[in-house]
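Comments concern the structure below.
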Amino acid sequence: MLKLAAIQMRSGVDPAANLAAAETLIREAAAGGATFIATPEMTGLLQRKPKLFWDRVKTENDDPLIPAFAGLAKALGITLLIGSLAVKVGEGRAANRSFLFGPDGKILVRYDKIHMFDVTVSRTETWRESAIYEAGSQPQIIDTPVAKLGLSICYDVRFAELYRHYGREGVQIITVPAAFTVPTGQAHWETLLRARAIETGAFIIAPAQGGAHEDGRTTYGHSMIIDPWGKIIAALDHDEPGILTAEVDLDEVDAARAKIPAWSLDPKPALR
């Protein structure tokens, strides 16, 4: 059995405050026995005003949050996914990047969000992530001390080909850290997460941002952990910061795939 924890946050405009909030929840989850802990998308900063965003964003080498989270993973002896941080990669360009730390504090793998959230949600809510962020190009699979993981971020969840790739490669747990808008969360969050679990036969852990943020946006919350049969085994029914835990049996992955390995019969898809 493996104990997972999804950290639900309400990140704001101050990275140091966000680090402190995340650390408190991560330490609490580890004290409760979780050995794999995941935080949401944009753990370190949610700032929609461009000038203020660029005043805060650092390169990977200069971002103090990265060594802080590395030290926390080592101190607690956990595998820690920081769902994503905004990382400066060029003039006026950033990456939306997940960092996975091992129990020794070393970075096991990085993942840059592949699919940019360029949408018009309503007459008053429009998002153009590609105006700031460079899209990633590579799926990331890693054998960790706890399980074989496949990484994704938020809007990636709408693109089934990425997840079928992870299913074919034998991934046991797929991470979906997110900052879903409220309208899309109410309509599609649960449905999409359960679909990705069913079609891959993998566990899904989806830590979310939730509530009214300092920069004016509102996110859906409702973090979830879903089993390979598509059953919700743990969920938060609100948008407040908190901790979601579940004990999982990785043998369920092989059992689910033996019953309905639908993805194994598809022609190999293009990932983008």
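The values are calculated or read from the model by the stated rules, or taken from the named source; none is laboratory data. Because the structure is predicted, anything quoted here is derived from the model rather than measured. With ideal geometry, Cβ positions are generated from the backbone for all residues, glycine too; neighbour counts draw on all protein chains shown. Heavy atoms of the whole protein, side chains included, go into the accessibility calculation; ligands, DNA and RNA do not. Shrake-Rupley method; radii C 1.70, N 1.55, O 1.52, S 1.80 Å.
Points worth noting:
- Within the range 96-107, the set of residues being among the small types (Gly, Ala, Ser) and surrounded by fewer than 21 Cβ atoms within 10 Å (Cβ to Cβ) comprises GLY102, GLY105.
- Scanning the range 212-256 for residues that are under 16 Å from ILE7 (Cα atoms), of a type outside the set (D, E, K, R) and either open to solvent by 70 Å² or more (accessible area, probe 1.4 Å) or in contact with a Pro (Cβ under 8 Å, 6 or more places away or on another chain) (or both) yields SER223, LEU244.
- Elements of the type strands (runs of 3 or more DSSP E) sitting completely within the range 150-257 and holding at least 2 residues that are hydrophobic (A, V, I, L, M, F, W, C): these cover 173-175, 203-206, 224-226, 232-235, 242-248.
- If the condition is being open to solvent by less than 30 Å² (accessible area, probe 1.4 Å), within 15 Å of SER98 (Cβ to Cβ) and among the small types (Gly, Ala, Ser), then the range 126-169 contributes GLY136, GLY150, SER152.
- Pair list, Cβ under 7 Å, 6 or more apart: the range 247-258 residue of a type in the set (Lys, Arg), other residue open to solvent by less than 80 Å² (accessible area, probe 1.4 Å): ARG257/GLY201
- Flag for ALA86 being more than 21 Å from LYS3 (Cβ to Cβ) and open to solvent by 20 Å² or more (accessible area, probe 1.4 Å): no
- Qualifying positions in the range 48-61 - in contact (Cβ under 8 Å) with a residue 12 or more places away in the chain and open to solvent by 70 Å² or more (accessible area, probe 1.4 Å): ARG48, LYS49, PRO50, LEU52, TRP54, ARG56, LYS58
- Taking the numbered list (1) modelled with pLDDT under 95; (2) in a loop (DSSP other than H, G, I, E, B); (3) within 21 Å of PRO207 (Cβ to Cβ) in turn, ARG123 passes all entries but (3).
- Selection of the range 158-209 for residues being under 21 Å from ALA147 (Cβ atoms) and of a type in the set (D, E, K, R) yields ARG164, ARG168, GLU169, ARG194, ARG196, GLU199.
- Candidate set from the range 186-201 (those that are touching a helix residue (DSSP H, G or I) at 6+ places or on another chain (Cβ under 7 Å) and in contact (Cβ under 8 Å) with a residue 40 or more places away in the chain); member that is most open to solvent (accessible area, probe 1.4 Å): GLU199
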